[in-house]
Amino acid sequence: MSGQVTIGRSHEEASLEAAVFWSHRAEEAIAQRGRFIVAISGGTTPRRLFELLAVSPGIDWARCHIFWADERMAPSDDVISNFRLGWDALLSRVPIHSEQMHRVPTEIGDASAVAASYQATLLGSLSLGLFDRPRFDLVLLGLGADGHIASLFPGCSSLREERRLVVSSPPGALPPPVDRVTMTLPVINSARAIAFLVTGSDKADVLSRALRGDADLPASRVGPSDGVLRWFVDEDAAGRPAERDTPGR
Ligand code: 6PG
């Protein structure tokens with residue numbers, strides 16, 4: 001846990017800071033490795049970030065590859081679908097080829113079958129071997145009011161998964177009450193960068209617990225083994241005023 005915390009005055013400002021961070025990480029990854037590989041989450045918080053990214057100048061979308069850190073078991077055009085959120089707010093608005101959007105195929109079977117298929121997608125599309133682990137340039141996470149991240153809920157067995165890259169998860173305590181498919185902690189923590197976007201006063205308590213490393217929270221298990229951890233939050237979630245001297249990089 002821990003990591004640098006950037007506080008924006010509002011949800012808009014925190015989203016803007018996160019968008020700047022995304023752009024810088026993309027620029028750096030493309031310069032160094034020729035592509036930017038990112039995993040995004042769902043929920044309500046990142047919509048504005050996605051909209052801002054859609055109009056951010058200078059992102060080389062032709063070299064970006066988008067994956068989903070987690071997905072709800074629903075059709076991809078359903079309002080609860082994390083793919084749909086990413087599509088509506090970002091991907092339908094930028095010049096990115098469909099082959100670079102690696103969505104979770106929720107239509108192919110139950111959550112376990114979908115998880116196994118998505119693990120194969122990760123390995124195949126990133127040209128990895130059976131026992132390799134993907135190294136995302138950026139994993140974007142939200143924070144649930146119960147401290148969950150992606151679809152790794154408090155107390156769930158998938159938090160202990162060490163081998164599989166993607167697993168199914170039963171519905172958590174928070175809506176929507178559907179099965180989920182989620183990347184596991186070893187994948188998330190292998191990323192070169194992990195960014196949380198957390199806003200709103202309803203997240204103040206859980207955010208302060210997560211930043212203190214409260215062991216009951218899945219969020220406290222996030223910590224890149226060889227990468228950076230950043231928090232983009234607003235004043236309401238932080239419970240204190242914005243700091244104006246924080247860099248966006
Ligand atoms: C999901 C998520 C989940 C989300 C948090 C925060 O599909 O629900 O990926 O981990 O990021 O629950 O959600 P809100 O932004 O809606 O608070």
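The values are calculated or read from the model by the stated rules, or taken from the named source; none is laboratory data. Quick caveat: nothing in here was measured; it's all calculated off a predicted structure. Every residue, glycine among them, receives a Cβ derived from its backbone with ideal geometry; neighbour counts consider all protein chains shown. Quick note on the areas: whole protein, heavy atoms, side chains included, nothing else; ligands and nucleic acids left out. Shrake-Rupley method; radii C 1.70, N 1.55, O 1.52, S 1.80 Å.
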**OP:** Determine the pairs where a residue that is open to solvent by 70 Å² or more (accessible area, probe 1.4 Å), located within region 125-141, has a partner that is within 16 Å of the ligand (Cβ to nearest atom) with Cβ atoms under 7 Å apart, the partner being 6 or more residues away or on another chain.
**Re:** Arg133/Val187; Arg135/Ala191
Subject >> Options Ala215, Ala238; residue that is away from the ligand (no atom under 13 Å from the Cβ), farther than 18 Å from Thr44 by Cβ and free of Cβ contacts under 8 Å to residues at least 24 places away in the same chain >> reply: Ala215
**OP:** List the number of the failed condition for Asp110; all other conditions in (1) closer than 18 Å to Met183 by Cα; (2) acidic (Asp, Glu); (3) open to solvent by less than 60 Å² (accessible area, probe 1.4 Å) hold.
**Re:** (3)
Original post:
Of all residues in region 148-184 being without any contact (Cβ under 8 Å) to a residue 12 or more places away in the chain and within 14 Å of the ligand (Cβ to nearest atom), which is surrounded by the fewest Cβ atoms within 10 Å (Cβ to Cβ)?
Top reply: Pro175
Original post:
Within region 150-161, is there a residue that is more than 20 Å from Leu85 (Cα to Cα), in contact with a Phe, Trp or Tyr (Cβ under 7 Å, 6 or more places away or on another chain) and modelled with pLDDT of 95 or more?
Top reply: no
Subject >> Residues satisfying the stated conditions in region 3-53, i.e. within 16 Å of the ligand (Cβ to nearest atom) and of a type in the set (Ser, Thr, Tyr) >> reply: Ser10, Ser15, Ser41, Thr44, Thr45
Subject >> Selection from region 1-33 of residues that are of a type in the set (A, V, I, L, M, F, W, C) and crowded, with 21+ Cβ neighbours inside 10 Å >> reply: Ile7, Ala14, Ala18, Ala19, Phe21, Trp22, Ala26, Ala29
Original post:
Can you tell which of Gly34, Gly3, Gly43, Gly8 is out of contact with any helix residue (DSSP H, G or I) (no Cβ under 6 Å at 6 or more places or on another chain) and within 16 Å of Ala238 (Cα to Cα)?
Top reply: Gly3
Original post:
From the set of residues in region 59-94 that are open to solvent by less than 40 Å² (accessible area, probe 1.4 Å), among the aliphatic types (A, V, I, L, M) and not in a loop (DSSP other than H, G, I, E, B), which is nearest to the ligand (Cβ to nearest atom)?
Top reply: Leu85
